[in-house]
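Have a look at the structure below, then the notes.
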């Protein structure tokens, strides 16, 4: 049985599971009398809560796709299969195709039409013609010295970080950095996160098997007065543009967080994912610069260049370096060498910084279009947060109650938006953001922004 | 303190740690009175046994680089530091440089001078000019459909595997496949391995925190009559060319292994790393073809094309697919898209198969040169195993006792060879292979093979 879940869209997971199983039944992949996995098994397999699976099974039962034998499981009903069995390949294509949106406000994605292809290809080609032993062999787990040197100099200049090449580890995007950090903790350690936080990050941390505790955020980021007395091993935070709320952590809280880490022998993971794109106010220096031996700085090229090459990095304190290198080696030996060397060349030549400068202008323009459209279509009823930086902003709507039906209508209109609540943990925090939506604008064409908001406004105001 | 270990060479780990710490003391990175980490701490950090660290500390103590205060740790002695403090960057270069060998018989590495650069670049360039949404975005955790389709067809043809694109997961080399497989087991599960086995694989599996049991191998591969009664979750095996001994698992043992897995609800991980290069005898079909729902087939492009792009794959039974996809997503979301699409194009066009055919001829020639050189320099005293396939062979020497001193002299002569015992677990198995060496020939230039064996022979026969 093939269940493809889209964890980036706004359709609730139970509904996606329901639709996927129904699809498998109708296309004949699951024949009559096929026994579905138990809700416990499927929840483990898919990495979702058991309640979510049970809700989808209830719906399948209610709509007559399956029946249950008491104490013996859930079975596919007969007579539902379409005449033909589609090929698995066509089937996969279908799942992929159904995720196409007419207009997408997906978060955390740069403008893919602006990837500097020509410059990349030129550097890549030069790299591939260097000495075979340098480019084609396995690399070192920490990454190539070329990239680490270029990056150390660049980050020191633009982010004020304090780290030499020997404290940098190249990873497959920020995601792998989080995975390695969690993997390098002991089973009895626990991880502390902001709430809400990126549901992708949460998924990665949960898979590590470590216990997770959360601290709520407010308009100023993580509420440091609520830090727990029992010491966590790692504290995951997004100080320069909290995900998803967009708040900026003020200096006083940064100090408190560092003091807390120091006195509890914990480490702060500074996820600086959006810091390159700042549109107003002073640049905020990194927490890593404040205390390089207590802060692990995580960055990615997914948002400054493109996600597809899977390159990111972390700046690590001396005390953690060996453990993290061992975790990286055990994970996949090293990241791809030709792409590391290509990136090093783009950073050294200044092409990377120039690209970011150009994109910052473009994203500011898109942000302005988005803010103007929101104010036009929701006069006096929208509160915008997090628009001073990054590739998305958060909208809270007054006098509008957003429900599943509205979200489904937005989806059916071909528009992709994200709820804030899907990034929140627990009923209380989910409730707090029940009327908030996220609008990413990185990869949204300028001409789609106004059109998309117009459609969303019609649906949200239609009752 | 920076300790760079070379897990692929033949210098014992304790000696490497000793040399690295000495280097750090002499270059001033570790000043006088610096307190070294405890042997327990350092062994954890480096992922080596505590005995190994203790041995290196004893040596430092004996040579007067450190002194110990009873019950208070180990400290760096004064007056040993060179005048200047080398920069960390220069330091890293130095470590990298010292790993250069004049002649290398490293195992598991293809001929890097033969990478089909022009074809790769042409396909890569075409891919990078496809639609931005297709090439530049995050990919799916299972990999692109293009590559999975091309691979399913290719593997079915050449390896007789039974898997559609929906049962393939693209990984960052075989290493990541092993990491994900171990990560997807439960903490109480245990893993069963061959002994000896690749020390890189062992490192990855140990890092998962799962318990590991071993079964010895003989001239016919894993000794199936010694399979334990308590069921493991995963059984790691290399049936087509056992690493490192080179034996081929006969049909009867394959059957027994599969029956065992079936009756114990375990899964077999068939690491088919070397199967593309077979020089004599009939091609051996994969175990996956015998029982696709009990066998996970792991392959890599590191040995057929190049290690640097970090691409591999696994064919997975339906029952494990979701868990493994979740593990891959949590690990790094997806593998790099441009390189997946490039590879798909090379497989589809037949360029990949043609390259393998060409390389098979070249490797056969190198193998013949190596066998001839061994027989010339060790007449009547060498027994060669595993030379019918792959990129390395195993030599057992009669009447020669290989010791650390000989290995160091080989190393000092600029020649890289590997012992078999470093891939073995436990004194008994290590002892069994005490007189055996591995000679890889994939990346050894033809003209170096005879020269290298001549030098090794002189050293081995010199007392």
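The values are calculated or read from the model by the stated rules, or taken from the named source; none is laboratory data. Everything numeric in this text was worked out from a predicted model, so none of it was measured. In this analysis, Cβ positions are derived from the backbone assuming ideal geometry, glycine residues included, and neighbour counts consider all displayed protein chains.
Residues are listed down the side, and each one gets a yes or a no for (1) on the phi > 0 side of the Ramachandran plot; (2) within 14 Å of chain B (Cβ to nearest Cβ); (3) touching a strand residue (DSSP E or B) at 6+ places or on another chain (Cβ under 6 Å); (4) crowded, with 21+ Cβ neighbours inside 10 Å:
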| position | (1), (2), (3), (4) |
| --- | --- |
| A:260 | no, no, no, no |
| A:264 | no, no, no, no |
| A:272 | no, no, yes, yes |
| A:278 | no, no, yes, no |
| A:288 | no, no, yes, yes |
| A:298 | no, yes, yes, yes |
| A:318 | no, yes, no, no |
| A:330 | no, yes, no, yes |
| A:342 | no, yes, no, yes |
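Every condition in (1) away from every other protein chain (no Cβ under 14 Å); (2) without any contact (Cβ under 8 Å) to a residue 12 or more places away in the chain; (3) part of a loop (DSSP other than H, G, I, E, B) holds for residue B:157 except the one numbered (3). Listed by position, the strands (runs of 3 or more DSSP E) enclosed by the stretch B:211-278 that each have at least 3 residues that are within 23 Å of the chain's Cα centre (by Cα) and within 30 Å of residue B:111 (Cβ to Cβ) are B:267-271. Scanning the stretch B:208-231 finds one or more residues that are crowded, with 20+ Cβ neighbours inside 10 Å, within 14 Å of chain A (Cβ to nearest Cβ) and either in contact with a helix residue (DSSP H, G or I) (Cβ under 6 Å, 6 or more places away or on another chain) or modelled with pLDDT under 95 (or both).
If a residue must be assigned to a helix (DSSP H, G or I), under 11 Å from residue A:313 (Cα atoms) and either at pLDDT below 95 or at the interface with chain B (Cβ under 9 Å from one of its Cβ atoms) (or both), how many such residues does the stretch A:166-176 contain? Give the derivation first.
Quick first cut of the stretch A:166-176, residues assigned to a helix (DSSP H, G or I) only: A:166-167, A:173-176.
Now restrict to residues that are under 11 Å from residue A:313 (Cα atoms): A:167, A:173-176.
Add one more test, that the residue is either at pLDDT below 95 or at the interface with chain B (Cβ under 9 Å from one of its Cβ atoms) (or both), and what stays is A:167, A:173, A:175-176.
Residues in the stretch A:166-176 being assigned to a helix (DSSP H, G or I), under 11 Å from residue A:313 (Cα atoms) and either at pLDDT below 95 or at the interface with chain B (Cβ under 9 Å from one of its Cβ atoms) (or both): 4 in total.
For residue B:407, the criteria (1) under 30 Å from residue B:305 (Cα atoms); (2) surrounded by 15 or more Cβ atoms within 10 Å (Cβ to Cβ); (3) in contact with a strand residue (DSSP E or B) (Cβ under 9 Å, 6 or more places away or on another chain) hold in every case but one, which is (1).
Among the residues of the stretch B:8-38, those that are buried (at least 19 other Cβ atoms within 10 Å of the Cβ), part of a helix (DSSP H, G or I) and away from chain A (no Cβ under 14 Å) comprise B:14, B:18, B:25. Filtering the stretch B:132-154 to residues that are facing chain A (nearest Cβ under 9 Å) and outside any helix (DSSP H, G or I) leaves B:136, B:137, B:138, B:139, B:140, B:142.
Residue-level check: of (1) surrounded by 21 or more Cβ atoms within 10 Å (Cβ to Cβ); (2) in the same structural domain as residue A:124 (by TED's automatic domain parsing), residue A:394 misses just (2).
Scanning the stretch B:349-363 for residues that are touching a helix residue (DSSP H, G or I) at 6+ places or on another chain (Cβ under 7 Å) and within 14 Å of chain A (Cβ to nearest Cβ) gives a single hit, B:359. Candidates A:42, A:60, A:5: the one that is under 27 Å from the mean Cα position of the chain (by Cα), assigned to a helix (DSSP H, G or I) and at pLDDT 70 or above is A:42.
Condition check: outside any helix (DSSP H, G or I), over 19 Å from the mean Cα position of the chain (by Cα), within 20 Å of residue B:140 (Cβ to Cβ) and within 13 Å of chain A (Cβ to nearest Cβ). Does residue B:186 satisfy that?
Working: outside any helix (DSSP H, G or I): yes; over 19 Å from the mean Cα position of the chain (by Cα): yes; within 20 Å of residue B:140 (Cβ to Cβ): no; within 13 Å of chain A (Cβ to nearest Cβ): yes.
It is false that residue B:186 is outside any helix (DSSP H, G or I), over 19 Å from the mean Cα position of the chain (by Cα), within 20 Å of residue B:140 (Cβ to Cβ) and within 13 Å of chain A (Cβ to nearest Cβ).
Scanning the stretch B:192-207 turns up no residue that is in a loop (DSSP other than H, G, I, E, B), without any contact (Cβ under 8 Å) to a residue 60 or more places away in the chain, closer than 21 Å to residue B:297 by Cβ and assigned by TED's automatic domain parsing to the domain that holds residue B:266.
Using the structure shown, decide if residue A:249 is buried (at least 22 other Cβ atoms within 10 Å of the Cβ), away from chain B (no Cβ under 14 Å) and at pLDDT 95 or above. Explain how you work it out, then say what you get.
Details: buried (at least 22 other Cβ atoms within 10 Å of the Cβ): yes; away from chain B (no Cβ under 14 Å): yes; at pLDDT 95 or above: no.
Considered against the rule, which asks whether it is buried (at least 22 other Cβ atoms within 10 Å of the Cβ), away from chain B (no Cβ under 14 Å) and at pLDDT 95 or above, residue A:249 comes out as no.
Annotation: residue B:48 fulfils all but one of (1) within 14 Å of chain A (Cβ to nearest Cβ); (2) crowded, with 18+ Cβ neighbours inside 10 Å; (3) in contact with a strand residue (DSSP E or B) (Cβ under 9 Å, 6 or more places away or on another chain); the unmet one is (3).
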